[in-house]
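Take a look at the structure set out below.
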Amino acid sequence: MSDLIIRIGGEGGEGIISSGDMVAQAAARSGLNILTFKTFPAEIRGGYAMYQIRFSTDEIKSEGSGFDVMCAFNQEALDKNRSALKPGTVLVYDYPGGDIKEEVNIDGVTCYNLPMSQIAKKELEMYRAKNMVALGALSELFDISSESVRDTIHSKFGKKGEKVVGINLNAIEAGAKYVRENHKKTDPFKMGKAERADKDVIIISGNNAAGLGALIAGCRFLSCYPITPATEVAIFMSKYLPKLDGTLVQAEDEIASIANVIGAAFAGQKAMTSTSGPGLSLMQEFLGYASMAEIPCVVVDVQRGGPSTGLPTKHEQSDLFMAAHGGHGDAPRIVLSPENVPDVIDIMVQAFNLAEKYQVPVLVLTDGSLGNRTESIQAPDPNSYEIIDRKRYAPNGDGPYKRYELNESGISAMSHPGDADGAYIATGLEHFETSAPGYTPELHVSMSDKRFRKLENIEDELPPIEVQGDGEADLGLISWGSTLGTVRESVDMAIAAGMKVKALHPKLVWPVPVKAITEFASGCKKILVPEINKQGQLAEIIRSKTDLHLIQYNVYGGLPITPDELFEKIKEVI
Amino acid sequence: MTTATVPLKAKDYRSEVKVVWCPGCGDYGVLNSVQKAFAELQLPINNTVAVSGIGCSSRLPYFLKTYGFHSLHGRSLPVGAGIKLGNPDLEVVVFGGDGDGFSIGGGHVPHVVRKNTDLTYVVMDNHIYGLTKGQVSPTSSPGFVATTTPYGAPDTTSVNPLAYVLTFGGTFVAQCFSGNPKQTAEIVKQAIQHKGFSYVNIISPCLTFNKIDTFDFYKDSVAELPEDHDNGDLVQALDKALNPPAGKTYTGIFYKASKPTLIENLRAMNKKVGADKNYDLNKIIDAHRP
């Protein structure tokens, strides 16, 4: 097997997520790469929940297109996925004795019934074990190493005692036994094992990776306000910051969170907050303050469907305008967007480094599906990263301290309260070099120019932007964030099909990397910009800085674009 | 609390920045009293941060030589909390007005108070918005006539800052009058010395825009809390805050209690989990192995 996608669907609260996690863990133990994808209802219990796991012996770039195997815990899951049950796919479904009342037969689809509710209720006398019965059946059907599954059970439930481990192992065995006694496997899907001697693997979600990256960068202060789908970043940090003698605050609202962060950063900390669109809206005034008072800080925005409360648990990339342009006045900022889970770690380190170097707020845009998804990734080496700290003030007897000294780079040395002879007033008012308020035309011009001068050459100061594919292209793709994974996969498909297609993978999205985009575009007959929003926010900000003609591809139904869909689009516009 | 290495006088805390308040503004008295309190405590200039929001009184940090943070309208408290948590060795004193603290910033007060955040909060209460040239504030009397309320403010009740802070668990709550600099300096001093959150409401009249709550009015109406007031008794404190005798405004320390502070609680938590600045990040990575 090189690539297999299993989707598990059912009602939220039925253990869909935990059984999916167990399959993923077991597969990673068997040496396979995994990438998971989840959708949740906005409610805590009830509503349709889905967990999809893609396994591969090769690198996985996206959540993939559709699935090979669907495991339906109830009628709703079956109905929602009916149209995706194409010939060649497999259905495992709860029947008889469960929510699905009729036997299912679909042309070309291999259907295995599994009375998971009935087995859990009658044989095991524990309805909650239904998800483990399904896990047992799936591992039997698709050759998920039973040894890995058992190991996973032991490591997940070991702390709860042998009895709990025993109950779960029994449930797994009951599901496997039903398959052995009632079904003859007729589909071709097998997961098996892979050799992966060279890879030291961890499984981590995008949100946890954001926390890990921040810790590697030296962040020891986070203030948050709970918000879907970003809360996991703070949950991760709340576990580890105290162990590192750091500080986690749950503030009264997002305004207080960013105020805490900017206060702590002024006092000398590397500090951050994590939020989603509605929270970032509230933080705009303070982000302008951080630009004005030149205070380094990092904000992670795990984007969700907007505007307003929007679609709290759904996927969208529609905060780019706000990240780049939000708030009043002319305020320099940096916006970065990682493409996958390992990239989240690297980009978070880069975000802190850039915030420190340029003394500006840096926004990192991930999204709900990247934040929630887990991937098996190469374990990072925390000591392998270059860490940049802000330029600090050292008194040299050269007159009073000029916190906002005008100089060629625009970057002035920063003191921290406690430093001798370094006192100044951080301020949102326009100010002289010493930080005293001033409002003359000359002052506002020179200080505005200073603040923007810092970022004038940022593109040249960062590593070159990766280009996928080479030579002259009939079509070039430019995208951002987690859509880049889909772009990679569909561009590979197009190249394999003999098409002349390439793609640019920017991680710096604001200031717009104009040079790289212009150079890339010069080698392409047409440019396509796929993104998950209605207005084409990346396309618009590229247009604002170049005269390129861009073809937009906007998908905004609350789900990512699949590689198949994008491949079709490529064929259409090329 | 650390102290200055070279003895400092009150004037040593004043910066060269020109004070921009109207002549006769109550805030001059507050500034002098604050300098006096700093000098009595010998607060080191480099280790002290004056934080403020937006408004006339929020300009105060510019007139001090200490570090300062002139933040956003209504946001001085969460900024001050961030600074203190970012470096607990600093002495953080937050300044502002009644509109800044109890209207736009009113949502932060309960939380900074109930966490017993290690800050001193000094509000210069003039019952009016002065910087925007005279609008009704949350502490203005109901019916107050001002530029946006020419027929009188349609409010039923005004905010009582002392009762507000007491209700959310304030551990040091006091009131004074800027026309009494000696008392003000003493109370600010005690507020800074207090462990945890301390609140000082300073009646600081606005001569320019408030023709009701004037110096003359307060000169006659302020009265020290009765000698038998027990400032360890929350019910008495609330009663004195809410029900002063007709025509009287009490000054003095209404309430004082010793409770664990936010920094103490966080330190205890960190200690409990074995906080270690050199904690190996590889342990976190190991926890994510399949």
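The values are calculated or read from the model by the stated rules, or taken from the named source; none is laboratory data. Computed from a predicted structure; not experimentally measured. Positions of Cβ are backbone-derived with ideal geometry, glycine not excepted, and every protein chain shown enters the neighbour counts. With ligands, DNA and RNA removed, areas are computed over all heavy atoms of the protein, side chains included. Shrake-Rupley method; radii C 1.70, N 1.55, O 1.52, S 1.80 Å.
Semi-axes of the equivalent ellipsoid for the stretch A:464-573, computed as √(5λ) from the eigenvalues of its C-alpha gyration tensor and ordered from largest down, come to 19, 17, 12 Å. Please determine, in degrees from 0 to 90 and to the nearest 10, the orientation of helix A:162-182 with respect to the longest principal axis defined by the Cα atoms of chain A, where the helix direction is its Cα long axis. The two axes meet at around 50 degrees.
Using heavy atoms of the protein chains and a probe of 1.4 Å, the accessible area assigned to B:Tyr218 is about 10 Å². Mean partner shielding of peptide B:134-143, defined as the number of other chain Cβ atoms within 10 Å of each residue Cβ, is 0. Taking the accessible area of chain B, probe 1.4 Å, and keeping the other protein chains in place, the carbon and sulfur fraction comes to 56%.
A simple count of charges around A:Asp94, restricted to other residues whose Cβ falls under 14 Å of its Cβ and scoring Lys, Arg +1 and Asp, Glu -1, yields -3. Over the stretch B:1-158, Cα pairs under 8 Å with separation of 6+ residues give a relative contact order of 17 percent. Of all lysines in the structure, the ones whose alpha carbon falls short of 19 Å from that of A:Lys193, not counting any fewer than 8 places away in one chain, are A:Lys185.
Counting only DSSP beta bridges whose two residues both lie in the stretch A:471-574, roughly 0 percent are antiparallel. Simple point charges give the picture: +1 on the Cβ of Lys and Arg, -1 on the Cβ of Asp and Glu, and for the stretch B:1-148 a dipole about the Cα centre of about 160 debye. Within the assembled protein chains, the solvent-accessible surface assigned to A:Lys177 is about 90 Å², based on a 1.4 Å probe.
Chymotrypsin sites (Phe, Trp or Tyr not before Pro) within the stretch A:410-479: which are DSSP loop residues with at most 15 other Cβ atoms inside 10 Å? Within the stretch A:410-479, the qualifying chymotrypsin sites (Phe, Trp or Tyr not before Pro) (loop, at most 15 other Cβ atoms within 10 Å) are A:Tyr439.
A simple rule links phi to the HN-Hα coupling: the Karplus curve 6.51 cos²θ - 1.76 cosθ + 1.60 with θ = phi - 60°, which for the stretch A:62-76 gives 8, 6, x, 10, x, 8, 9, 10, 10, 10, 9, 7, 7, 4, 4 Hz, with x for Gly and Pro. Shape summary of the stretch A:3-182, radius of gyration then Dmax from alpha carbon positions: 15.2, 46 Å. Protection proxy ranking, highest mean first, for peptides A:25-33, A:464-472, A:227-235: A:25-33, A:227-235, A:464-472, where packing is the per-residue count of other beta-carbon atoms within 10 Å, averaged.
Among A:Met292, B:Met1, the sequence by solvent-accessible area, most first, with a 1.4 Å probe is B:Met1, A:Met292. Short-range pairs are left out: with C-alpha atoms under 8 Å and at least six residues apart, the relative contact order of the stretch A:464-573 is 32 percent. Residues whose amide H falls under 5 Å from that of B:Ala4, counting only those 5 or more places apart or on a different chain, are B:Leu43, with hydrogens built in the peptide plane.
Counting only alpha carbon atoms, the long axis of helix A:130-141 and the longest principal axis of chain A meet at about 70°. Note on surface exposure: A:His328, A:His183, A:His444 rank A:His328, A:His444, A:His183 by accessible area, highest first, 1.4 Å probe. Quick one: angle between helix B:26-41 and the longest Cα principal axis of chain B, in degrees between 0 and 90, rounded to 10, please. Helix B:26-41 sits at roughly 40 degrees to that axis. Each of A:Asn260, B:Pro88, A:Leu248 was scored by the projection of its Cα onto the charge dipole of the protein assembly as shown, and the greatest displacement toward the positive side belongs to B:Pro88; charges sit on the C-beta of Lys, Arg, Asp and Glu.
Calculated mean residue ellipticity, 222 nm, chain A: -10500 deg cm²/dmol, from DSSP H runs (n ≥ 4) at -39500 (n - 2.57) each, averaged per residue and rounded to 500. Peptide A:207-214 has a mean shielding of 1, counted as Cβ atoms of other protein chains within 10 Å of each residue's Cβ. The C-alpha atoms of chain B occupy a region whose extents along the principal axes are 70, 42, 42 Å, arranged from largest to smallest. Annotation: amide H of B:Arg14 within the under-5 Å range of B:Lys65, sequence separation 5 or more or interchain, hydrogens built in the peptide plane.
Here is the interface size for A with B: some 4400 Å² of accessible area buried, both sides summed, with a 1.4 Å probe. The stretch B:216-290 and the stretch A:435-484 have Cα centres separated by 46 Å. For the segment A:422-433, counting C-beta atoms of other chains within 10 Å of every residue's C-beta and taking the mean gives 5. Packing-based ranking of A:561-572, A:9-20, B:47-58 yields B:47-58, A:9-20, A:561-572, ordered from highest to lowest mean Cβ neighbour count within 10 Å.
In plain terms, chain B is cut at each of the GluC sites (Glu not before Pro) found in a DSSP loop with at most 10 other Cβ atoms within 10 Å, and the longest leftover piece is B:17-226. Between the stretch A:204-271 and the stretch A:100-142, the alpha-carbon centres lie 42 Å apart. Reported value for chain A: 159 Å³ per residue, from the convex hull of its C-alpha atoms. Among A:Arg453, A:Arg488, A:Arg180, the sequence by solvent-accessible area, most first, with a 1.4 Å probe is A:Arg180, A:Arg453, A:Arg488. Quick one: which residues, 5 or more positions from B:Asp125 or on another chain, have an amide H under 5 Å from its amide H? H modelled 1.01 Å from N in the peptide plane, none for Pro or chain starts. The list, which skips near neighbours in sequence, is B:Ile202, B:Ile203, B:Ser204. Counting only Cβ charges, +1 for Lys and Arg and -1 for Asp and Glu, the dipole size of the protein assembly as shown around its Cα centre is about 1160 debye.
Taking the protein heavy atoms of the stretch A:3-182 in the context of the full set of protein chains, the accessible area attributed to carbon and sulfur is 44 percent at 1.4 Å. Take every pair of alpha-carbon atoms less than 8 Å apart whose residues are at least six positions apart; their mean separation over the length of chain B yields a relative contact order of 17 percent.
For chain B, the solvent-accessible area with a 1.4 angstrom probe is 41 square angstrom per residue. Rolling a 1.4 Å probe across all protein chains gives A:Leu508 an accessible area of roughly 10 Å².
For the stretch B:36-67, chymotrypsin sites (Phe, Trp or Tyr not before Pro) are listed when DSSP marks them as loop and at most 15 other Cβ atoms sit within 10 Å of their Cβ; the list is empty. Among beta bridges identified by DSSP and lying wholly in the stretch B:93-221, the antiparallel ones come to about 15 percent. How many percent of DSSP beta bridges within the protein assembly as shown run antiparallel, rounded to 5? Antiparallel bridges make up about 35 percent of those DSSP assigns within the protein assembly as shown.
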